[in-house]
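Engineer: Sending over a structure as structure tokens; questions will come in a sec.
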């Protein structure tokens, strides 16, 4: 599956979030590909879901599920919130 | 054949591609991952260079207008654009310093109590470029520059996170991660000032998080929008001050106002191209760095980019940013006293101001957040104005850009002054 993570610049926290999501994916036995992007570039990118921190989620409009992470450093929270979306 | 190898391998893009290749092979990646990673790194770096030339191109008429209108040099503080712009000259030193500073960082994290791994990639790149520029100005190039630059950068990569760790821990409520960002010292100082200015009767309710702030300004979080607005204003005001004749001379006969608006938007588009390149090459390199460091220094604190703080005070982030813009504008209007005009560096004000707001709010309440944000914006803009004469980037054919990151400027200025004491450089 393919995940898009979003932050203000698209290479700092979004990249860390993407790596954490990929790690969680491996734990559940799924290979996750993805891309870290900025707020201006997420539109039109094919993906299974989008993840971003809560304070910028309100700016994201998409027909794909958007997962809001309150605390990017809390791996438990990331895991709880993304695990329902994990699939092959 | 030898000619081909020399020219091919000394190309900056290929150097950085080889760095990625080496890392990916050492990490025992699959062949397909190695090929993808290496090529994407190369493309990313080429896109970055293309963005830099668009930015530099859009700044040439701007600098001419500014000079003619005000008789002063106008600069935009933006490290990535500046460093990408000098890659044609320092394209061997920069990626090599970036690579070896990471090696030094790992060694220091293993053998000293400074257990930090700096993982903010674009800042590793901009700092490496800053090192290459400062050393070049001292007459030091090639491998000597790479060795000195890597050591200075490697040390900075653990020292700056260590300086801010006390406050980082307090804001995040956790000691597991650190602050890896070349503005951390200024943000921490803003927080410290906010703490000193805390109201006497202040309690835990004295925080912006208890205040509802309208979400109308949310669209500015896409920083290209804010930057577009600011740059169009800056270009148009400068064009009017320079006068129609000067601008028409620069536009080659095209309508002068249409010309400057398009140049301002071209500048922002250049930044977006540059950032797309940064994104592409970091997307490959940083996961490799993270993997290597986790293997070699288990349990070290990853030092991360500034947005980790925003979740701990979303409202204070907005307040801090708005106050930083105000503080920055005050500094822009005062900077001519130093002989150079520092224009608003939107990216820096946005990201650092937001963090200063969170630090200020946590340490100094509502008043603290306002003071921290305003101080940060003012200092962030004033520091380049004061340090500008020490490092000359115009000799690389770049006008209108200068360094932004406070920590990199501090280190660069110390190196330059030390070099001057030893009689190095012109």
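The values are calculated or read from the model by the stated rules, or taken from the named source; none is laboratory data. Keep in mind that this is a model prediction, so the values were computed, not measured. Don't worry about glycine lacking a Cβ; one is built from the backbone with ideal geometry, like all the others, and counts go over all protein chains shown.
Engineer: Could you run through region B:97-120 and say how many residues are buried (at least 24 other Cβ atoms within 10 Å of the Cβ) and closer than 24 Å to residue B:10 by Cβ?
Structural biologist: Counting residues in region B:97-120 that are buried (at least 24 other Cβ atoms within 10 Å of the Cβ) and closer than 24 Å to residue B:10 by Cβ gives 4.
Engineer: Residues in region B:166-207 that are farther than 22 Å from residue B:366 by Cβ, free of Cβ contacts under 8 Å to residues at least 60 places away in the same chain and more than 14 Å from chain A (Cβ to nearest Cβ): how many?
Structural biologist: 1
Engineer: I would also like to ask the following. Among the numbered conditions (1) farther than 17 Å from residue B:120 by Cβ; (2) touching a helix residue (DSSP H, G or I) at 6+ places or on another chain (Cβ under 6 Å); (3) within 10 Å of chain B (Cβ to nearest Cβ); (4) not in a helix (DSSP H, G or I), tell me where residue A:36 comes up short.
Structural biologist: (1)
Engineer: Separate question: Go through region B:86-128 residue by residue and tally those that are touching a strand residue (DSSP E or B) at 6+ places or on another chain (Cβ under 6 Å), modelled with pLDDT under 95 and assigned to a helix (DSSP H, G or I).
Structural biologist: Within region B:86-128, residues that are touching a strand residue (DSSP E or B) at 6+ places or on another chain (Cβ under 6 Å), modelled with pLDDT under 95 and assigned to a helix (DSSP H, G or I) number 0.
Engineer: Here's another thing I want to ask about it. For region A:45-60, does any single residue satisfy the condition of being part of a helix (DSSP H, G or I), buried (at least 16 other Cβ atoms within 10 Å of the Cβ) and either in contact with a helix residue (DSSP H, G or I) (Cβ under 7 Å, 6 or more places away or on another chain) or facing chain B (nearest Cβ under 10 Å) (or both)?
Structural biologist: There is at least one residue in region A:45-60 that is part of a helix (DSSP H, G or I), buried (at least 16 other Cβ atoms within 10 Å of the Cβ) and either in contact with a helix residue (DSSP H, G or I) (Cβ under 7 Å, 6 or more places away or on another chain) or facing chain B (nearest Cβ under 10 Å) (or both).
Engineer: Quick one: which residue in B:140, B:163, B:151 is away from chain A (no Cβ under 14 Å), surrounded by fewer than 23 Cβ atoms within 10 Å (Cβ to Cβ), free of Cβ contacts under 8 Å to residues at least 40 places away in the same chain and closer than 30 Å to residue B:422 by Cα?
Structural biologist: B:163
Engineer: Another question, then. If residue B:107 passes every condition in (1) in contact with a helix residue (DSSP H, G or I) (Cβ under 7 Å, 6 or more places away or on another chain); (2) more than 14 Å from chain A (Cβ to nearest Cβ) but one, which one does it miss?
Structural biologist: So the condition that residue B:107 fails would be (1).
Engineer: With the structure loaded, tell me whether residue B:260 is in a helix (DSSP H, G or I), closer than 30 Å to residue B:386 by Cα and within 11 Å of chain A (Cβ to nearest Cβ) or whether it fails that test.
Structural biologist: So residue B:260 does not fit the description; no.
Engineer: Then there's this: Just one of (1) facing chain A (nearest Cβ under 10 Å); (2) closer than 30 Å to residue B:102 by Cα; (3) assigned to a helix (DSSP H, G or I) trips up residue B:355, so point out which.
Structural biologist: It fails just one condition, (1).
Engineer: Right, here's the next one. Of everything in region A:65-88, what is part of a loop (DSSP other than H, G, I, E, B) and either without any contact (Cβ under 8 Å) to a residue 60 or more places away in the chain or within 14 Å of chain B (Cβ to nearest Cβ) (or both)? Give them in sequence order.
Structural biologist: Scanning region A:65-88 gives A:65, A:70, A:71, A:72, A:73, A:74.
Engineer: For region A:2-33, how many residues meet the condition of being crowded, with 17+ Cβ neighbours inside 10 Å, in a loop (DSSP other than H, G, I, E, B) and within 12 Å of chain B (Cβ to nearest Cβ)?
Structural biologist: 5
Engineer: Looking at residue B:288, is it part of a helix (DSSP H, G or I) and within 12 Å of chain A (Cβ to nearest Cβ)?
Structural biologist: So residue B:288 fits the description; yes.
Engineer: Could I ask something else about it? Taking the residues in region B:408-426 that are within 16 Å of the chain's Cα centre (by Cα) and surrounded by 22 or more Cβ atoms within 10 Å (Cβ to Cβ) as candidates, determine which candidate is nearest to residue B:332 (Cα to Cα).
Structural biologist: B:409
Engineer: Here's something else I'd like to know. Please state which of the following conditions residue B:221 fails to meet, knowing it meets all the rest: (1) within 14 Å of chain A (Cβ to nearest Cβ); (2) at positive phi.
Structural biologist: (2)
Engineer: What number goes with the only condition from (1) more than 11 Å from every other protein chain (Cβ to nearest Cβ); (2) surrounded by fewer than 20 Cβ atoms within 10 Å (Cβ to Cβ) that residue B:294 does not pass?
Structural biologist: All conditions are met except number (1).
Engineer: Let me ask something else. Return the only residue of B:83, B:76, B:158, B:134 being outside any helix (DSSP H, G or I) and crowded, with 24+ Cβ neighbours inside 10 Å.
Structural biologist: When all the criteria are applied, what remains is B:76.
Engineer: Across region B:301-318, which residue is surrounded by the most Cβ atoms within 10 Å (Cβ to Cβ) among those that are at pLDDT 90 or above and over 21 Å from the mean Cα position of the chain (by Cα)?
Structural biologist: The selected residue is B:316.
Engineer: Continuing with the same structure: Give the residues of region B:326-352 that are assigned to a helix (DSSP H, G or I), in contact (Cβ under 8 Å) with a residue 40 or more places away in the chain and closer than 22 Å to residue B:408 by Cβ, sorted by residue number.
Structural biologist: B:327, B:328, B:331, B:332, B:335, B:338, B:346, B:347, B:348, B:350, B:351, B:352
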